[in-house]
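Novice: One structure, as C-alpha cells, below. Some questions next.
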Amino acid sequence: MILVTDVGNTNMTLGVYRGERLEATFRMMTKTPRTSDEYGVMLTQLLKNRGIDADMLEGSIVASVVPDVMHSLIGAIVRYTGTRPLIVGPGVKTGIKVVTEDPRAIGADRIVDAVAAYEKYGGPVLVLDFGTATTYDLITEDGKFAAGITAPGIRISSEALWKQTAKLPNIEIRKPKSILAQETISSMQAGLMYGQIGQTEYIIRKVKEESKIHNLKVVATGGLGRTIADETDAIDIYDSSLTLDGLRIIYEKNCR
C-alpha cells in the first residue's frame with residue numbers, strides 16, 4: 001500500500017492505495033500550524049480508524065503548493081510510516097511535457113491532475129480543478145501541457161464579498177433555487193454559483209476556439225466541481241479522485 005498526499009492552500013487530502021484501489025481518504029486543514037509529531041499522531045490515528053497500520057505502507061508521495069508545511073509533514077511521514085516520500089517536482093517522471101513559457105512555475109497539483117486526466121481519459125483533454133483557485137489546463141493529444149488559466153475559486157470570491165463589504169454576510173456556498181433572488185443570501189449564492197457556471201462555459205468555449213481543438217474532452221475535479229458539472233453540458237466527466245489517482249500514477253512511474 002502507498003500513501004498519497006495532496007497539499008492544497010486550504011486543505012490537504014490524503015489517500016491510501018492498495019494497487020489501483022483507493023482504500024481510504026482523509027482531509028486535514030492546511031492553514032493550521034502543526035509540528036511533525038502532531039502530523040504523525042493525526043496520520044497514524046486516521047489510518048488506524050480505517051483499519052490500516054502505518055507499518056503496512058510501503059511507499060509515499062507528496063504534491064504541495066504550500067512550502068511552509070513541507071518540513072513538518074515530510075518529517076512526520078518519514079518518522080511515523082517509515083517511508084521517504086517522493087516529492088512531485090522537477091526531475092520526477094510524469095509522462096507529461098510542459099511546454100509553457102516557464103514550466104517550473106506550474107504548480108505540482110496541476111501537473112498531477114494533468115497526468116491523471118491524460119492517463120485515464122486520453123488527450124486532448126482540458127482539466128478543471130475547482131479548488132481554492134479554479135484552474136483550467138490544456139493537455140494535447142501527444143501529452144503536452146500546452147496552456148493554463150487561473151481564476152479565483154468560489155470560496156475566494158465569497159470571502160471577498162463578506163470581508164470587503166460592510167453588510168454582506170459570510171454564507172453557505174450552494175446553488176439557490178432560482179437565479180431570481182429576492183433577499184441578500186440567495187442573491188449572493190446566485191451570483192457566486194451562476195457566475196462560476198457562466199465563467200466555466202465561456203472559458204471552455206474560448207479554449208476550444210483559440211486552440212482549434214474541438215474534440216476536447218473536459219474533465220473536472222475539486223470540492224465544488226460536482227455541483228458545477230451537474231449544471232452544465234460543457235463538462236464531460238467529473239472525477240472526484242483525479243488528483244489522488246494522479247499521485248498514484250506518478251509514484252508508479254518512478255518507484256515501480
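Novice: Under the rule of -39500 (n - 2.57) per DSSP H run of 4 or more residues, summed and divided by the residues of the chain, what mean residue ellipticity at 222 nm is obtained, to the nearest 500 deg cm²/dmol?
Specialist: Values: 7 runs with 97 residues, N = 256.
About -12000 deg cm²/dmol.
Novice: Something else: Near Lys253, which lysines are there with a Cα under 23 Å away, not counting those fewer than 8 places off in the same chain?
Specialist: Lys93, Lys97, Lys120, Lys144
Novice: Below 22 Å, Cα to Cα, which lysines can Lys31 reach? Residues fewer than 8 away in the same chain don't count.
Specialist: Lys163
Novice: Using a basic spin-label model with each label point 7 Å from the Cα along Cα→Cβ, how many nm lie between Gln45 and Arg256?
Specialist: Here the modelled spin labels are 3.4 nm apart.
Novice: Which value, in debye to the nearest 20, describes the size of the charge dipole of the range 2-87 about its Cα centre when Lys and Arg Cβ atoms bear +1, Asp and Glu Cβ atoms bear -1, and nothing else is charged?
Specialist: Values: 9 positive and 9 negative charges, 27 e Å.
The calculated dipole for the range 2-87 is roughly 120 debye.
Novice: Placing +1 on the Cβ of each Lys and Arg and -1 on the Cβ of each Asp and Glu in the chain, which of Trp162, Ala146, Ala114 has its Cα farthest towards the positive end of the resulting dipole?
Specialist: Of the options given, the answer is Trp162.
Novice: Also, I was wondering about something else. Nothing charged except the Cβ atoms of Lys and Arg (+1) and of Asp and Glu (-1): what's the magnitude of the dipole of the chain about its Cα centre? Round to the nearest 20 debye. Could the numbers behind the result be given before it?
Specialist: Values: 30 positive and 31 negative charges, 49 e Å.
I would put it at about 240 debye.
Novice: Computed from these coordinates, which is percent of Cα pairs over 31 Å apart: (1) 25; (2) 22; (3) 29?
Specialist: Evaluating percent of Cα pairs over 31 Å apart on these atoms matches (3).
Novice: Follow-up question, since we're still on this one. What nm value, rounded to one decimal, do you get for the distance between Gln182 and Lys31 when each label is placed 7 Å out toward the C-beta?
Specialist: The answer from the label model is 3.5 nm.
Novice: Let me ask you something else. Can you sort Met1, Met29, Met12 so the residue with the fewest Cβ neighbours within 10 Å comes first? Kindly include the intermediate steps, with their values, before the conclusion.
Specialist: On the way: Met1 17, Met29 9, Met12 21.
Taking fewest neighbouring Cβ atoms as first place, the list is Met29, Met1, Met12.
Novice: Between rounded, prolate and oblate, where does the range 150-256 land on the alpha carbon gyration tensor, with a ≥ b ≥ c its root eigenvalues, rounded for a/c under 1.5, else prolate if a/b exceeds b/c? Write out the running numbers ahead of the final one.
Specialist: Values: a/c = 2.46, a/b = 1.65, b/c = 1.49.
Cα axes put the range 150-256 in the prolate bin.
Novice: So for the pair Val78, Ser240, with labels modelled 7 Å out along Cα→Cβ, what separation do we get in nm?
Specialist: 3.5
Novice: Please give the helix 242-255 orientation as an angle from the longest Cα principal axis of the chain, in degrees from 0 to 90, rounded to the nearest 10.
Specialist: 30
Novice: Rounded to the nearest 10 degrees, what's the angle between the helix 36-49 long axis and the longest principal axis of the chain, both from Cα atoms, 0 to 90?
Specialist: For 36-49 against the chain, the angle is about 90 degrees.
Every read-out reported here was derived from the displayed coordinates using simple, explicitly stated rules and does not represent laboratory data. The model shown is predicted, which means the values in this text are computed figures rather than measured ones. Positions of Cβ are backbone-derived with ideal geometry, glycine not excepted, and every protein chain shown enters the neighbour counts.
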